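Values in this text are rule-based calculations from the coordinates and carry no lab data. Computed from a prediction, not measured in an experiment: that's the story for all the values here. Positions of Cβ are backbone-derived with ideal geometry, glycine not excepted, and every protein chain shown enters the neighbour counts.
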Amino acid sequence: MSGSGSGNSRGNGSANSNGDFCAIARIVNTQGHKGEIRAVLLTDFPERFAKLRRVFIGKADANANTSTNMNTSANTSVWRPLHISSYRFQKQFVILSFDEIPDMNAAETIKGLLIGVPADERWPLPEGHYYIDDLIGMEVFEADGHLLGTVREVLETGSNAVLSVMRGKQEVLIPMLKSVIKSVDLSRRVINAALPPGLLEDDQDAH
């Protein structure tokens, strides 16, 4: 779930300042009769399952934020630990068995839940790459220092990520390209952008 350019975004689950866990998979069904489950991957790093022994399962907190690509944050009150006894991949799914889930009846009880890891266990990203939830809510400033708006959503187009920024009631779509995104300051929650001509309705009206 990454784009190209200076502002690549990653969908490795989601965690924000209000959440303690990030989801890396969603359980969609049981698998066979021995307690295995089938889960849709929500992480760009499926190889992390090779090192995972303990995970947490739960449902998203009703008060938690949900961003694009089903990235979901939740608090500790709705998560409980499980220990992975085996895993394998099958197309876009990961097939898992847990020490605490001995049979299909037990597996049925966790269908629909998220599989998560503590937020501080998110994998580090290369320079110039950002987790989607880190971008949500950041303020975007134009080259002249004028506040454009706040990032509402991050869209994945295949070639590059696109920021959906609310400028009052107008949605402005800003491509995360080196020519457009000049800097991303996660600590200050600020993005500086040089918008191409015609991107804003004001520019179009002027013509």
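List of remarks:
- Loop trypsin sites (Lys or Arg not before Pro), segment 143-194, which have at most 10 other Cβ atoms in a 10 Å radius of their Cβ (DSSP): K169, R188
- In sequence order, calculated HN-Hα J values of segment 28-41 (Karplus, 6.51, -1.76, 1.60; Hz; x Gly/Pro): 10, 5, 7, 9, x, 10, 10, x, 6, 10, 10, 10, 7, 6
- Efficiency of FRET from Cβ geometry, R189 and V28, R₀ 25 Å, rounded to 0.05: 0.15
- Normalised per residue, the volume of the convex hull around the Cα set of segment 85-207 (Å³): 171
- Exceedance of the 29 Å cut-off in Cα-Cα distance is limited, within the set K34/K91; K51/K111; K91/K111; K59/K182, to K59/K182.
- For K111 and E153, the FRET efficiency from 1/(1 + (r/R0)^6), where r spans their Cβ atoms and R0 equals 35 Å, is about 0.80.
- Calculated FRET value between A143 and Q170, using beta carbons and R₀ = 25 Å, to 0.05: 0.85
- Calculated from backbone phi, Karplus (6.51, -1.76, 1.60) coupling profile of segment 96-111 in Hz, x at Gly/Pro: 10, 10, 10, 4, 7, 10, x, 8, 5, 4, 5, 5, 4, 6, 10, 4
- Amide proton proximity set for V28, modelled H, under 5 Å, gap of 5+: R38, A39, V40, G112
- Spatially proximal lysines relative to K178 (Cα-Cα < 27 Å; intrachain offsets below 8 disregarded): K169
- In terms of Cα atoms, the Rg and Dmax of segment 137-206 work out to 11.5, 36 Å.
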